[in-house]
Amino acid sequence: MAVTRKPVLPRVGHFASFGAPGVLVYLCFVLAPILISFGYSLTNYNPFDPPVRFTGLANYRLLFSDEQFLTALRITTILTLIVVIVPNVLGLGVALLLDRKGWLYNALRSVFFTPVILSSVVVSIIWSRLLDDEGPLNTLLRALGVEHPPGWLSDPDLALYSVASIVCWQLLGFCVVVYLAGLQGVPAELLEAAEIDGAGPLRRFRAVTWPLLAPSLTITTVVLLISAFKTYDYVKVITNGGPGSGATATIAFDVLQTGFDANHVGYASAMAVLMLVIVAVVTSVVLNFLRRREVDL
Amino acid sequence: MTRPAVALLVSAVFFVPLYLVLANVFKQGDLIAKDPAALPLPPTLANVHAVLTRPDGLFWVSLTNSVVVTLSSILVLTVLSAMLGHYLARSGKRWTKVLTLVLLAGLMIPPQVILIPITDVLRVTHLMATLPGLILFNVGYYVPFGVFVFSGFIRGVPVELEEAARLDGASRLQVFWRVVFPLLRPATASVLIFLGVWIWNDFIDPLIILGPSQGTTITTGIYRSIGQYQADLGSVFALMFLATLPVLIFYLALQKQFVKGLTGGATKG
């Protein structure tokens, strides 16, 4: 076999015809831009304020004393924690609730999944109408006797949590579907055996179901984590970074605001590079931890 | 048991925002602001009609752009990532492992990190503010996802099949397109569905790459129409509804594939 394999699948030209086109586009539109970003981050580049000077790590040093950036970092952290935890918990709950056969449960699964296929712009507009100070929710609250209903999106202390809830609403269906698929992989015999051994529903869940859902948890967590870091659309459409001075401005929002609206390309690039490092480190740490948990089963 | 009742109640609460859109698409403009939660009685197609017949043709122009960008991107992406996935799965060289890692890292790169230099790359190549520029960007940015799906799937296809076809005198490309690719249908479906929905719904990339004045896709069109036509909520709701309709039909038609693709990784583990 080893003798015949070489002439049958010779390697010469394999990369040129099969690999190169994909690698080339990836190189031009992802890898090269990352390197360029890193290059920009070491300069004071601003297309409307030449000349460009090499400034070394000055941009990075500045970032750590920049109140606005530190706020964005804090906002992104809070948002990420909420977006990773809430859809996971609620998604598992809804999946357990809908884990039955029948048309009703099938139909309800579709209800939860619909937001996943909506554009974040559409979701943002729907919710900003719903949560408007004079919107349906507050009208309802007033009718129920609440004299001063909260300014869901206009109160700087509340807006971030409203935006986070909206992101959770859109991503919930994704978790539901992944957990439902995971639940189908839990062998019924195992649950029956545990029941015969006298384990109650809670015990059965903790000892049998939950450990077997480890791969589902890995998938949802990593996807939620990456989606949360990227949060831009919602912030742009719903609050445009506000209310007030950046109450909902995530790093992703700050990068584009600084780079395109304020034209501080060098500084924005430093922010972008730092963001990439944070995403890479956090994602690999979490992924490693979750993978090890799967193996330990 | 109370399970159906609880399930219905939870779903109903979750469904409220979606109801808001559906009800207001078919409601008279002035009633939307006055009573957004009411049923659309009597229902009207005036909003949909207004969007379809706008004098500036916003809907049709952005629909065309979205269709062109989405279809071209997913077709090119399928071809390139299936072939690259095949190379990575079949070539035993050590550097393909490194290449695979570099590509997988691309799955987590936030677009914001590369958008600023991308605009420079596109400006130099005269592709800034053009549809081909946006399509090329999509291909580069989403190639890791395609490769991820395809290479995993190709590992499950017996290599003996390819060797047999090669011995029969077929070229490598013929073997791939005639023998291997038809076997990859589930992977192809996942890639087409996911990337189709993501690219159709994409907001930030068309917003920046197509630029403020040059072109509009369906999502950036919605975004601009809320700014310009704040008062005309009926049109905004109708535009959102019409923009979602193609994805919704696409999803309902391929629902089984969709969920299978989404959960493939979760159940394999």
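The values are calculated or read from the model by the stated rules, or taken from the named source; none is laboratory data. None of these values were measured; they are calculated from a predicted model. Virtual Cβ from ideal backbone geometry, glycine too; neighbours counted across all protein chains shown. For the accessible areas, the whole protein counts, side chains as well, though only heavy atoms, and no ligand, DNA or RNA atoms are used. Shrake-Rupley method; radii C 1.70, N 1.55, O 1.52, S 1.80 Å.
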If A:W210 passes every condition in (1) surrounded by fewer than 16 Cβ atoms within 10 Å (Cβ to Cβ); (2) not in a helix (DSSP H, G or I) but one, which one does it miss? (2)
Can you tell me which condition A:Q184 does not meet? The list is (1) within 10 Å of chain B (Cβ to nearest Cβ); (2) within 20 Å of the chain's Cα centre (by Cα), and all the others hold. (2)
Out of all the residues in region B:138-197, which are basic (K, R), more than 13 Å from chain A (Cβ to nearest Cβ) and touching a helix residue (DSSP H, G or I) at 6+ places or on another chain (Cβ under 6 Å)? B:R155
Filter result for B:A37 (at the interface with another protein chain (Cβ under 7 Å from one of its Cβ atoms) and either free of Cβ contacts under 8 Å to residues at least 12 places away in the same chain or surrounded by 15 or more Cβ atoms within 10 Å (Cβ to Cβ) (or both)): yes
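Suppose we filter region B:48-89 for residues that are among the hydroxyl-bearing types (S, T, Y) and free of Cβ contacts under 8 Å to residues at least 24 places away in the same chain; how many remain? Steps first, answer last, please.
Kept after step one, since they are among the hydroxyl-bearing types (S, T, Y), are these residues of region B:48-89: B:53, B:62, B:64, B:66, B:70, B:72-73, B:78, B:81, B:87.
When the remaining residues are screened for being free of Cβ contacts under 8 Å to residues at least 24 places away in the same chain, the result is B:53, B:64, B:87.
Number satisfying all stated conditions: 3.
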If you take just the helices (runs of 4 or more DSSP H) that sit entirely in region B:23-94, which of them hold at least 3 residues that are of a type in the set (S, T, N, Q)? B:58-90
Please determine whether any residue of region B:50-71 is within 30 Å of B:F176 (Cα to Cα), buried (at least 23 other Cβ atoms within 10 Å of the Cβ) and modelled with pLDDT of 90 or more. yes
Just name the residue that is nearest to B:V69 (Cα to Cα) out of those in region B:103-138 that are of a type in the set (S, T, N, Q) and surrounded by 23 or more Cβ atoms within 10 Å (Cβ to Cβ). B:N138
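Okay, residues lined up against (1) part of a helix (DSSP H, G or I); (2) more than 18 Å from the chain's Cα centre (by Cα); (3) of a type in the set (D, E):
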residue: A:L256; (1), (2), (3): yes, no, no
residue: A:N263; (1), (2), (3): no, yes, no
residue: A:A268; (1), (2), (3): yes, yes, no
residue: A:A272; (1), (2), (3): yes, no, no
residue: A:M275; (1), (2), (3): yes, no, no
residue: A:A280; (1), (2), (3): yes, no, no
residue: A:T283; (1), (2), (3): yes, no, no
residue: A:L287; (1), (2), (3): yes, no, no
residue: A:R291; (1), (2), (3): yes, yes, no
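Here is a yes/no grid of residues against (1) open to solvent by less than 30 Å² (accessible area, probe 1.4 Å); (2) at pLDDT 90 or above:
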{"residue": "B:E162", "(1), (2)": "yes, no"}
{"residue": "B:A187", "(1), (2)": "yes, no"}
{"residue": "B:F203", "(1), (2)": "yes, yes"}
{"residue": "B:P206", "(1), (2)": "yes, yes"}
{"residue": "B:D232", "(1), (2)": "no, no"}
Mind checking which pairs have a first residue in region A:70-81 that is more than 10 Å from A:T248 (Cα to Cα) and a second that is of a type outside the set (D, E) and in a helix (DSSP H, G or I), Cβ under 7 Å, 6 or more apart or different chains? A:L73/A:I251; A:I78/A:L160; A:T80/A:L225; A:T80/A:A228; A:T80/A:F229
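Out of A:T218, A:T248, A:T231, report the one residue that is part of a loop (DSSP other than H, G, I, E, B) and within 11 Å of chain B (Cβ to nearest Cβ).
On the way: A:T218 fails: part of a loop (DSSP other than H, G, I, E, B); A:T248 fails: within 11 Å of chain B (Cβ to nearest Cβ).
Only one candidate qualifies: A:T231.
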Which count do you get for residues in region B:90-108 that are touching a residue at least 40 places away in the same chain (Cβ under 8 Å) and over 26 Å from A:I226 (Cα atoms)? 1
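Would you mind stating whether A:L183 is open to solvent by 60 Å² or more (accessible area, probe 1.4 Å), among the hydrophobic types (A, V, I, L, M, F, W, C) and either touching a Phe, Trp or Tyr at 6+ places or on another chain (Cβ under 6 Å) or more than 22 Å from A:I117 (Cα to Cα) (or both)?
no
Among the residues of region A:256-270, how many are facing another protein chain (nearest Cβ under 9 Å) and either buried (at least 20 other Cβ atoms within 10 Å of the Cβ) or modelled with pLDDT of 95 or more (or both)?
Going through region A:256-270 one residue at a time, the tally reaches 5.
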Out of all the residues in region A:189-201, is one or more open to solvent by 50 Å² or more (accessible area, probe 1.4 Å), farther than 27 Å from A:A107 by Cβ and within 10 Å of chain B (Cβ to nearest Cβ)? no
If you take the residues in region B:109-132 that are under 17 Å from the mean Cα position of the chain (by Cα) and in a helix (DSSP H, G or I), which one is farthest from B:N201 (Cα to Cα)? B:P132
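For region B:1-38, which positions are hydroxyl-bearing (S, T, Y) and either over 30 Å from the mean Cα position of the chain (by Cα) or within 22 Å of B:V51 (Cα to Cα) (or both)?
Of region B:1-38, the ones hydroxyl-bearing (S, T, Y) are B:2, B:11, B:19.
Hits for region B:1-38 are B:T2, B:Y19.
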With the condition kept exactly as written, say whether any residue in region A:118-127 is within 9 Å of chain B (Cβ to nearest Cβ) and over 18 Å from A:T231 (Cβ atoms). no
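Here's a check for you: in region A:92-101, which residue that is more than 8 Å from chain B (Cβ to nearest Cβ) and at pLDDT 90 or above is surrounded by the most Cβ atoms within 10 Å (Cβ to Cβ)?
As a first pass, look at region A:92-101 and keep what is more than 8 Å from chain B (Cβ to nearest Cβ): A:92-93, A:95-96, A:99, A:101.
Now drop any that are not at pLDDT 90 or above, which leaves A:92-93, A:95-96, A:99.
Values: A:L92: 24, A:G93: 15, A:A95: 22, A:L96: 16, A:D99: 17.
Checking each candidate, the answer is A:L92.
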So how many residues does region A:73-118 have that are more than 12 Å from A:C175 (Cβ to Cβ), among the polar types (S, T, N, Q) and within 13 Å of the chain's Cα centre (by Cα)? 3
Among the residues of region A:102-157, count how many are surrounded by 14 or more Cβ atoms within 10 Å (Cβ to Cβ), of a type in the set (D, E, K, R) and outside any loop (DSSP other than H, G, I, E, B). 2
